[in-house]
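Visitor: First the structure, then my questions, so here it is.
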Amino acid sequence: MVITAMFAALAYVVMFFIRIPIMPAAPYLEYDPKDVLFVITGFLIGPVQGTVSVILVCLLEMVTVSKSGPIGLLMNVIASLFFVLPASLIYYRKKTLISAIIGLIAGMLSMSGAMILWNYLITPLYAGMPREAIVPMLPTVFLPFNMIKAGINMAITLLIYKPISIVLHRSGLLPKEEKETKKEGDSGKFSPLAIILGILMLGGCICAIFLIKNR
């Protein structure tokens, strides 16, 4: 409960202070890094706790920051859960770097696919736009936004998850793991592969944002 509350609080803080518009065609689509804290919660203590964090923070966001009301809440919860649940379910069953990468990729694809459907169904309700105007935006605005958003979240998670895990286990906030699957790449140490993949993905996402803003 303490870890869940701590990461939920951090998720709310980063959401409150870091909100970056990515798509010039839809400035209301803003990136914030709260999903990173949600997925780290899922990685550390399980998908259920990750889900609890998502719901709590999205509710707080609705009543303090968001202006889109219950519809925005629904969209936020859907987007975060479709990223966090696949990633944490896959990783929590077998805690290795490969599982983390597969889980995060699954989360990225799951969230991007789900948001295409939900943007088609729900965006006209709160954006005040006819559905016919939304359809051309699905592959050109909403899909790139969600892929970039999930890609940044994946990159940051790969860069910071292991150091956070090490600190929490060594501090006693989390119990020490009984066995370390060193052959699978989760040796309890800072993984060079995770760092390289995280940096490459983050660089790719930044390049994609630059191209979108300057096309």
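The values are calculated or read from the model by the stated rules, or taken from the named source; none is laboratory data. No experiment lies behind these values; they were computed from the predicted model shown. Glycine gets a Cβ as well: all are built from the backbone with ideal geometry, and neighbour counts include every protein chain shown. When the accessible area is computed, the model is the full protein with side chains, heavy atoms only, and any ligands, DNA or RNA have been set aside. Shrake-Rupley method; radii C 1.70, N 1.55, O 1.52, S 1.80 Å.
Visitor: For segment 39-85, which positions are of a type outside the set (A, V, I, L, M), touching a Gly at 6+ places or on another chain (Cβ under 9 Å) and more than 19 Å from residue 6 (Cα to Cα)?
Guide: Answer for segment 39-85, where residues must be of a type outside the set (A, V, I, L, M), touching a Gly at 6+ places or on another chain (Cβ under 9 Å) and more than 19 Å from residue 6 (Cα to Cα): 66, 82, 83.
Visitor: If residue 92 passes every condition in (1) at pLDDT 90 or above; (2) closer than 20 Å to residue 167 by Cα but one, which one does it miss?
Guide: Failed condition: (1).
Visitor: Still on this structure, please answer the following. Residue 67: surrounded by fewer than 18 Cβ atoms within 10 Å (Cβ to Cβ) and in contact (Cβ under 8 Å) with a residue 12 or more places away in the chain, yes or no?
Guide: no
Visitor: Kindly indicate whether any position in segment 39-59 is of a type in the set (Phe, Trp, Tyr) and farther than 16 Å from residue 115 by Cα. Spell out how you get there, then give the answer.
Guide: Start the filter on segment 39-59 by keeping residues that are of a type in the set (Phe, Trp, Tyr), which leaves 43.
Still in the list and also farther than 16 Å from residue 115 by Cα: 43.
There is at least one residue in segment 39-59 that is of a type in the set (Phe, Trp, Tyr) and farther than 16 Å from residue 115 by Cα.
Visitor: Something else about it: Residue 112 - would you say it is in a helix (DSSP H, G or I) and not aromatic (Phe, Trp, Tyr)?
Guide: Here the answer is yes, as residue 112 does meet what is asked.
Visitor: Quick check: anything in segment 20-33 part of a helix (DSSP H, G or I), of a type outside the set (A, V, I, L, M) and in contact (Cβ under 8 Å) with a residue 12 or more places away in the chain?
Guide: No, because not a single residue in segment 20-33 is part of a helix (DSSP H, G or I), of a type outside the set (A, V, I, L, M) and in contact (Cβ under 8 Å) with a residue 12 or more places away in the chain.
Visitor: When you go through 54, 48 one by one, which is the residue that is part of a helix (DSSP H, G or I), surrounded by 15 or more Cβ atoms within 10 Å (Cβ to Cβ) and either within 14 Å of the chain's Cα centre (by Cα) or on the phi < 0 side of the Ramachandran plot (or both)?
Guide: On the way: 48 fails: surrounded by 15 or more Cβ atoms within 10 Å (Cβ to Cβ).
None of the other options fit; the residue is 54.
Visitor: Considering only segment 93-105, state which residues are part of a helix (DSSP H, G or I) and open to solvent by 40 Å² or more (accessible area, probe 1.4 Å).
Guide: 93, 98, 102, 105
Results for (1) closer than 18 Å to residue 29 by Cα; (2) open to solvent by less than 50 Å² (accessible area, probe 1.4 Å); (3) in contact with a helix residue (DSSP H, G or I) (Cβ under 7 Å, 6 or more places away or on another chain); (4) part of a helix (DSSP H, G or I), shown as yes or no for each residue.
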{"position": "75", "(1), (2), (3), (4)": "yes, yes, yes, yes"}
{"position": "79", "(1), (2), (3), (4)": "yes, yes, yes, yes"}
{"position": "88", "(1), (2), (3), (4)": "no, yes, yes, yes"}
{"position": "91", "(1), (2), (3), (4)": "no, yes, yes, yes"}
{"position": "107", "(1), (2), (3), (4)": "no, yes, yes, yes"}
{"position": "132", "(1), (2), (3), (4)": "no, no, no, yes"}
{"position": "146", "(1), (2), (3), (4)": "yes, yes, yes, yes"}
{"position": "149", "(1), (2), (3), (4)": "yes, yes, no, yes"}
{"position": "165", "(1), (2), (3), (4)": "no, yes, yes, yes"}
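Visitor: Among the residues of segment 168-180, is there at least one that is surrounded by fewer than 15 Cβ atoms within 10 Å (Cβ to Cβ) and in contact with a Ser or Thr (Cβ under 7 Å, 6 or more places away or on another chain)?
Guide: Checking segment 168-180: at least one residue is surrounded by fewer than 15 Cβ atoms within 10 Å (Cβ to Cβ) and in contact with a Ser or Thr (Cβ under 7 Å, 6 or more places away or on another chain).
Visitor: Residues of segment 191-215 being closer than 24 Å to residue 165 by Cβ and either outside any helix (DSSP H, G or I) or of a type in the set (A, V, I, L, M) (or both), which ones?
Guide: 191, 193, 194, 195, 196, 197, 199, 200, 201, 202
Visitor: Here's a follow-up. Does segment 109-122 hold any residues that are open to solvent by less than 30 Å² (accessible area, probe 1.4 Å) and more than 20 Å from the chain's Cα centre (by Cα), and which are they?
Guide: Result: 122, single match.
Visitor: Just one of (1) more than 15 Å from residue 194 (Cβ to Cβ); (2) of a type in the set (Val, Ile, Thr); (3) at pLDDT below 95 trips up residue 148, so point out which.
Guide: (3)
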